[in-house]
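Since every read-out is calculated from the coordinates, none of them should be taken as a lab result. As the structure is a computational prediction, the values presented were derived from the model and not from experiment. Methodologically, a virtual Cβ is constructed for each residue, glycine included, from the backbone with ideal geometry; neighbour enumeration extends over all protein chains shown.
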Amino acid sequence: MVSVKVNNLTKHYGKKKELTQALSGVSFNVAPGELFGIIGPDGAGKTSLFRILTTLLLPDGGSASVDGLDVVKDFKAIRHRVGYMPGRFSLYQDLTIEENLEFFATIFNTSIEENYDLIKDIYSQIEPFRTRKAGKLSGGMKQKLALSCALIHKPSVLFLDEPTTGVDAVSRKEFWEMLRNLKKQGITILVSTPYMDEASMCDRVALIQNGAILSVDSPEGVIAAFKQPLVAVKDANMLPLLNHLHHFEGTQDAYPFGEYHHVVLKDGYAAADVSNYLQHQHAQAEVQSIKADIEDCFIALMKQSG
Amino acid sequence: MKQFVSFVKKEFYHIARDKRTVFILLGMPIMQILIFGFALTNEVKNSQIAIFDQSNDLATHALRSELNASRYFDVVQDVHAYPEIEAAFKKGKIKLAVIFPENFANDLDHFNAAQVQLIADASDPNVANTLTNYATAIILDYQDRITNNRRLPYTIKTEMRMLYNPQLKGAYSFVPGVMAMVLMLVCTLMTAITIVREKELGTMEIMLVSPMQPFKIVVAKAVPYLLLSIVNVTSILLLSVFVLDVPINGSLLLLIFESILFTLTCLAFGLLISTGTDSQQTAMFIALTGMFLPTVMLSGFMFPIENMPLPLRIISNIVPAKWFYYIVKEVMIKGLGIAAVWKETLILTGMLLFLLALSIRKFKIRLA
């Protein structure tokens, strides 16, 4: 059984001269009840992909189906059963929390009472403010309301386009916990995000860049596929350090990573070799062997694909 | 149906919560009727005139008081030399000067021919024309009275009767005009803006990914404005009957029916605009230039269409307001029935169907 099936999907915008390829041959499958992350930087094609899957855009090539329904032919049926939360807050700012939720419930031929269980965990947090206008809510509360509205009709597949962008760290963490809980209800969830650290919250992720999928795997699988040794290096003077690291014969790739530089080493090299190499110019340098995370994998995959 | 009702309810919330807009929507027709009724009027009243009386006799005195007594003129100055007249015109103090030559009464009595000169400020040609006509009429009237006892050979007298509007009130023509203008503004402009706003806010994106049929969304958005328009028509009619004394001579039912027909046409036009635009600003611009200006200029309400060059006369035929203005005048002022306006009604219906079909065809069920 497949919940969402994407097969060689392409989409471009604009005319010949200023052609922008948004998606160039994207394929993946999402199993029912899966929490599937689509991870990539801004402009990677995440929103285009979501809009095609929610029947808002027509693909230029390839095919896709949601719940076994074709996104082009059966768009009416799909609109009955999916939940969609666009990247931008898209509720009525001049309606209260309650009015918004009620409105979306009626539009989907249901009522708040009927599916209250589903949204209880989320909605109960904002329910005390239910007479407040949506436009006057904080970012985290808006997001909870938007999620409640997208869930109120008990969709079989939920599409969340960058739900955590512009939300503080605590709310982000809370939000992912909510998604884990929803998963227990058997809803298939597709989430897109530009934050690599959120990948570990998903069952499986698709890494996307420039409209192409780099890898589809579980977060652990993506990391396990990273075979090269990786070290983190830190010194008082970071910029020359990066230069020197680039010149090291054992370096395959070196890039700044937070307060460290990450160095991907060629096979056969280890942290000790890096320390030795840096001895003269950077005697104080701190070198340690580390495990790759999703971002390292993303960078490696990105460089591989050119 | 429940979906639809809920959508209409939501639309009313939007309107009601934007207090300023409600005030403008409901207050505008009242303001316009009052402004047109009491301030902007092309009737000429109490124009200031000067009199240069070189004769100073019974006849000139009598004419002077006749002019002064009429509601069109106020004698504000007596001049004693030609340069004073010019000076008064230059200052803008007077609009018209009446000059009686010497021996006016004497000429009248003994030579059967006296002359009087009228000098008007023709910087506004229409006003100058009207003033000289009024003054001539008053003078001729005086002449009629003094010649009453004597039979003159070969005279033709014109007897005039102003049908439908015996007092020549401006209100009779601007009430239909204001109705057309207000309905146009409320319906076309507001419908276009409210749909485009959903696109701008991104809520249209969610609405499209819902079981609600796109066309129902659009119709639901139009319903509140239809109701608002009916309220506006009612308030315009009440004001014109009770404040401006413009009677409704024809059938009220027919008038309301025609107003709804015109409202629907405007709504359909608003929908059409909204299908082709993505920003409220563009929508507003198109609605104003595409609908409001033609309504004011080419409906015959401000400027008579008969006097326009042929291309403009042809273009005026596609302005719905022209037909509505005509219908309202026929029904409300002349008191005619459907038999007199069925052709115009048919034209409006045709326009409505055309605009509606076009906007349904053009309505996007997707984002691009």
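When you take every Cα atom in chain A, what is the radius of gyration, and what is Dmax, the widest Cα pair distance, in Å?
22.4, 72
So what is the relative contact order of the range B:47-146, in percent, for Cα pairs below 8 Å that sit 6 or more residues apart?
Computed over the range B:47-146, the figure is 32 percent.
Specify the residue with the greatest mean-square fluctuation among A:L91, A:L19, A:L242, computed from a Gaussian network of chain A linking alpha-carbon atoms under 10 Å apart.
Of the options given, A:L19 has the highest mean-square fluctuation.
What dipole magnitude, in Debye to the nearest 20, does the range B:239-351 give about its Cα centre under +1 on Lys/Arg Cβ and -1 on Asp/Glu Cβ?
The dipole magnitude comes to about 160 debye.
Please report the base-10 log of the normalised intensity I(q)/I(0) for the range A:1-154, using a Debye sum with one equal scatterer per alpha carbon and no solvent, at each q in 0.09, 0.10, 0.16 (1/Å).
-0.35, -0.43, -0.97
For the range B:265-309, take the alpha-carbon Rg, divide it by the Kirkwood Rh, and send me Rg/Rh.
Ratio of gyration radius to Kirkwood radius for the range B:265-309: 1.11.
Listing A:L56, A:L35 from the residue with the fewest other Cβ atoms within 10 Å to the one with the most, what is the order?
Listing A:L56, A:L35 from fewest to most nearby Cβ atoms yields A:L35, A:L56.
Compute the helix-to-body angle for B:19-38: its Cα long axis versus the longest principal axis of chain B, expressed 0 to 90° and rounded to tens.
Rounded to the nearest ten degrees, it is 20.
Over its Cα atoms, what ratio of radius of gyration to 2.2 N^0.38 Å does chain B give?
1.34
Taking the Cα centre of the protein assembly as shown as origin and charging only Cβ (+1 Lys, Arg; -1 Asp, Glu), how large is the dipole, in debye to the nearest 20?
The dipole of the protein assembly as shown has a size of about 1640 debye.
With viscosity set to 0.890 mPa s at 25 °C, what whole-number translational diffusion coefficient in µm²/s follows for the range B:49-115 from Stokes-Einstein and a Kirkwood radius over Cα pairs?
Here the translational diffusion coefficient equals 198 µm²/s.
Compute the Cα gyration tensor for the range A:61-217, then decide on rounded, prolate or oblate, letting a ≥ b ≥ c be the square roots of its eigenvalues: rounded whenever a/c is under 1.5, prolate when a/b is larger than b/c in the other cases, and oblate in all that remain.
Verdict is oblate for the range A:61-217.
Mind listing the lone cysteines of the protein assembly as shown, meaning no other Cys beta-carbon sits under 4.7 Å from theirs?
When partners are defined as cysteine Cβ atoms under 4.7 Å apart, the protein assembly as shown leaves A:C149, A:C202, A:C297 without one.
Of all alpha-carbon pairs in the range B:162-215, indicate the percentage at a distance above 15 angstrom.
Considering the range B:162-215, 66 percent of its Cα-Cα pairs are separated by more than 15 Å.
Direction-averaged shadow area of the convex hull around the Cα atoms of the range A:90-178, nm²?
5.5 nm²
What are the principal axis extents of the Cα atoms in the range A:226-304, in Å, biggest first?
Reported extents, whole Å, longest axis first: 32, 26, 19.
Quick one: helix A:169-184 against the long Cα principal axis of chain A, what's the angle to the nearest 10°, folded into 0 to 90?
60 degrees
In chain A, what percentage of the DSSP-assigned beta bridges are antiparallel, given to the nearest 5?
Around 65 percent antiparallel, to the nearest 5.
Could you work out [θ]222 nm for the protein assembly as shown from helices alone, using -39500 (n - 2.57) per DSSP H run of at least four and dividing by all its residues? Round to the nearest 500 deg cm²/dmol.
-15000 deg cm²/dmol
For the pairs A:K76/B:K343; A:K46/A:K154; B:K2/B:K364; A:K16/B:K199; A:K15/A:K133; A:K133/B:K199, note any where the Cα-Cα span goes beyond 30 Å.
The pairs that break the limit, which is 30 Å between Cα atoms, are A:K76/B:K343; A:K15/A:K133.
At q = 0.10, 0.13, 0.18, 0.22 Å⁻¹, what log₁₀ I(q)/I(0) does the range B:131-256 have when each alpha carbon counts as one equal point scatterer in the Debye sum?
-0.60, -0.77, -1.02, -1.25
When you take every Cα atom in the range B:73-163, what is the radius of gyration, and what is Dmax, the widest Cα pair distance, in Å?
In order Rg, Dmax, the Cα atoms of the range B:73-163 give 15.8, 45 Å.
May I ask you to work out the translational diffusion coefficient for the range A:157-202 at 4 °C, viscosity 1.567 mPa s, via Stokes-Einstein with Rh from the Kirkwood sum over Cα pairs, reported in whole µm²/s?
Stokes-Einstein gives a translational diffusion coefficient of 119 µm²/s.
Per-residue mean of other chain beta-carbon atoms within 10 angstrom of the beta-carbon, peptide A:99-107?
Counting other chains' Cβ atoms within 10 Å and averaging over A:99-107 gives 5.
Using the Kirkwood radius over C-alpha pairs as Rh, can you work out the diffusion coefficient of the range B:282-368 via Stokes-Einstein at 37 °C, viscosity 0.692 mPa s, in µm² per second?
Result for D is 224 µm²/s.
Can you put A:M238, B:M284, B:M1 in order of Cβ neighbours within 10 angstrom, beginning with the fewest?
Lowest count first: B:M1, A:M238, B:M284.
Helix B:125-146: angle to the longest alpha-carbon principal axis of chain B, degrees 0 to 90, nearest 10?
With both axes taken from Cα atoms, the answer is about 40 degrees.
Which whole-number percentage describes the relative contact order of the range B:138-250, with Cα contacts under 8 Å and a sequence gap of 6 or more?
31 percent
Could you work out the relative contact order of chain B? I mean the mean sequence separation of Cα pairs under 8 Å and 6+ apart, divided by the number of residues, in percent.
19 percent
May I ask what percent, to the nearest 5, of DSSP beta bridges between residues of the protein assembly as shown are antiparallel?
Percent antiparallel among DSSP bridges in the protein assembly as shown is about 60.
Can you list, bin by bin at 10 Å, the percent of alpha carbon pairs in the range A:34-124, starting at 0?
With 10 Å bins starting at 0, P(r) equals 13, 36, 36, 14, 0.
Size of the range A:1-71 along its principal axes in angstrom, Cα-based, largest extent first?
Cα spread of the range A:1-71 along its principal axes, largest to smallest: 42, 25, 18 Å.
What list of whole percents do you get for P(r) of the range A:145-248, with Cα-Cα distances grouped in 10 Å bins up to the one holding the largest distance?
Taking every Cα pair in the range A:145-248, the percentages come to 11, 34, 28, 17, 8, 2.
Above 36 Å lies some portion of the pair distances; for the protein assembly as shown, what is it as a whole percent of all C-alpha pairs?
61 percent
Counting other C-beta atoms within 10 Å, which of A:D296, B:D245, A:D203 has the fewest, and how do the rest follow?
B:D245, A:D203, A:D296
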